[in-house]
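Asker: Here it is, the structure, as structure tokens.
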Amino acid sequence: MTKKITKDTFPQYKPHSLVADMPEHLKDYRNYNKIQKALLETLASSHSHSEVEDWAKCVKCQEKVTNHKLMMKKLGFTGPAQYKAWQKIHQTIQDSDKTKMDKYNT
């Protein structure tokens, strides 16, 4: 005996709470590389530290971390968890695009 499949057979799709309220420009996969580059440039530095303690005491490095947080807020991220979810989603999209390309290029 088979059941008849209707639109009510499957549960209604609900987006994950981390990405549900994300701005549209963050959802667009074409913006991923630009946004990622802008965020990484806020952390770029011309020097390094051998110890984490030295890094934590460095005024320039802490300013960069603060600028990074402000940039994330400006872009529309609500926090680090949302940023990581966004990053994971877009990395998966990019990986799937590469496999599609490889599949059709052979």
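The values are calculated or read from the model by the stated rules, or taken from the named source; none is laboratory data. Since the structure is predicted, the reported quantities are computational estimates derived from the model, not experimental observations. Cβ sites come from the backbone with ideal geometry, for glycine too, and all protein chains shown count toward neighbours.
Asker: Condition check: out of contact with any Gly (no Cβ under 8 Å at 6 or more places or on another chain) and at pLDDT below 90. Does residue 77 satisfy that?
Answerer: When the stated conditions are applied, residue 77 does not pass them.
Asker: Could I ask something else about it? Scan the range 65-81 residue by residue and report those that are under 16 Å from residue 38 (Cβ atoms) and part of a helix (DSSP H, G or I).
Answerer: 65, 66, 67, 68, 69, 70, 71, 72, 73, 74, 75, listed by residue number.
Asker: For the range 37-51, check the following and say yes or no: at least one residue is touching a Lys or Arg at 6+ places or on another chain (Cβ under 6 Å) and among the hydrophobic types (A, V, I, L, M, F, W, C).
Answerer: yes
Asker: Another question about this same structure. Can you confirm whether residue 93 is modelled with pLDDT under 90, assigned to a helix (DSSP H, G or I), hydrophobic (A, V, I, L, M, F, W, C) and surrounded by 10 or more Cβ atoms within 10 Å (Cβ to Cβ)?
Answerer: The answer is yes for residue 93.
Asker: A further question on this structure: Among the residues of the range 9-52 satisfying the criterion of being assigned to a helix (DSSP H, G or I), loosely packed, with under 12 Cβ neighbours inside 10 Å and of a type in the set (S, T, N, Q), which is nearest to the chain's Cα centre (by Cα)?
Answerer: Result: 33.
Asker: Next question, about the same structure. Using the structure shown, decide if residue 56 is farther than 28 Å from residue 93 by Cβ and without any contact (Cβ under 8 Å) to a residue 12 or more places away in the chain.
Answerer: Against the criterion (farther than 28 Å from residue 93 by Cβ and without any contact (Cβ under 8 Å) to a residue 12 or more places away in the chain), residue 56 qualifies.
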